[in-house]
Amino acid sequence: QVHVAESGGGLVQAGGSLRLSCGASGSFRRINAMGWYRQAPGEQRELVAIITRGGTTNYADSVKGRFTIAAGNAENTVYLQMNSLKAEDTAVYYCNVDAVTIDYTPEKSWGQGTQVTVSS
């Protein structure tokens, strides 16, 4: 099993910043990609940003220029630096891990989510 844990959410005023952290642990051969998704009440879960093992990143248009995803200093960790936050960014943010398990099967795992609330 791949275990995923996020942290860093909180309440911030519009224009402020937050940094989310995610770590993957457990038994797996490698991680192919890690990403951040978010889901606001009554909305579908949407991609925010993804980083692959090779370092390629992809961002939702709504966060380009404001958010940055990067590998953490520790192995199997990523950060999401969120700047110039808007009220529209309010959501539960989930970390997703695309891993290859010990028996070579692909597995996508989710963290429990961390709440980000931006007040206007």
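The values are calculated or read from the model by the stated rules, or taken from the named source; none is laboratory data. Keep in mind that this is a model prediction, so the values were computed, not measured. With ideal geometry, Cβ positions are generated from the backbone for all residues, glycine too; neighbour counts draw on all protein chains shown. Heads up: the accessible areas ignore ligands, DNA and RNA and are worked out on the full protein's heavy atoms, side chains in. Shrake-Rupley method; radii C 1.70, N 1.55, O 1.52, S 1.80 Å.
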Counted residues, region 1-12 - those being part of a strand (DSSP E or B) and over 19 Å from VAL92 (Cβ atoms): 1
Count - residues of region 66-77 that are over 20 Å from VAL12 (Cβ atoms) and surrounded by 14 or more Cβ atoms within 10 Å (Cβ to Cβ): 3
Checklist (1) in contact (Cβ under 8 Å) with a residue 24 or more places away in the chain; (2) closer than 18 Å to LYS108 by Cβ applied to ARG53, failing item: (1)
Residue in region 10-22 that is nearest to ALA71 (Cα to Cα), counting only those that are surrounded by fewer than 17 Cβ atoms within 10 Å (Cβ to Cβ) and not polar (S, T, N, Q): ARG19
Positions within region 72-104 being within 16 Å of ALA33 (Cβ to Cβ) and out of contact with any strand residue (DSSP E or B) (no Cβ under 6 Å at 6 or more places or on another chain), in sequence order: GLU75
Subset of region 83-97 (residues that are surrounded by 18 or more Cβ atoms within 10 Å (Cβ to Cβ) and either out of contact with any Ser or Thr (no Cβ under 6 Å at 6 or more places or on another chain) or part of a loop (DSSP other than H, G, I, E, B) (or both)): LEU85, ASP89, THR90, ALA91, VAL92, TYR94, CYS95, ASN96
Subset tally (residues that are touching a residue at least 40 places away in the same chain (Cβ under 8 Å) and either β-branched (Val, Ile, Thr) or within 11 Å of ILE69 (Cα to Cα) (or both)) for region 23-49: 5
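For region 24-65, what are the residues that are open to solvent by 40 Å² or more (accessible area, probe 1.4 Å) and of a type in the set (A, V, I, L, M, F, W, C)?
Hits for region 24-65 are LEU47, ILE50.
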Scan of region 100-120 for residues that are more than 15 Å from the chain's Cα centre (by Cα) and open to solvent by less than 40 Å² (accessible area, probe 1.4 Å), ordered by number: VAL100, THR101, VAL118
Test: residue in region 18-28 that is closer than 17 Å to SER119 by Cα and in a strand (DSSP E or B): yes
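Conditions tested, residue by residue: (1) of a type in the set (A, V, I, L, M); (2) within 21 Å of GLN1 (Cα to Cα).
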{"position": "LEU20", "(1), (2)": "yes, no"}
{"position": "ARG38", "(1), (2)": "no, no"}
{"position": "ALA70", "(1), (2)": "yes, no"}
{"position": "THR105", "(1), (2)": "no, yes"}
{"position": "SER109", "(1), (2)": "no, yes"}
{"position": "VAL116", "(1), (2)": "yes, no"}
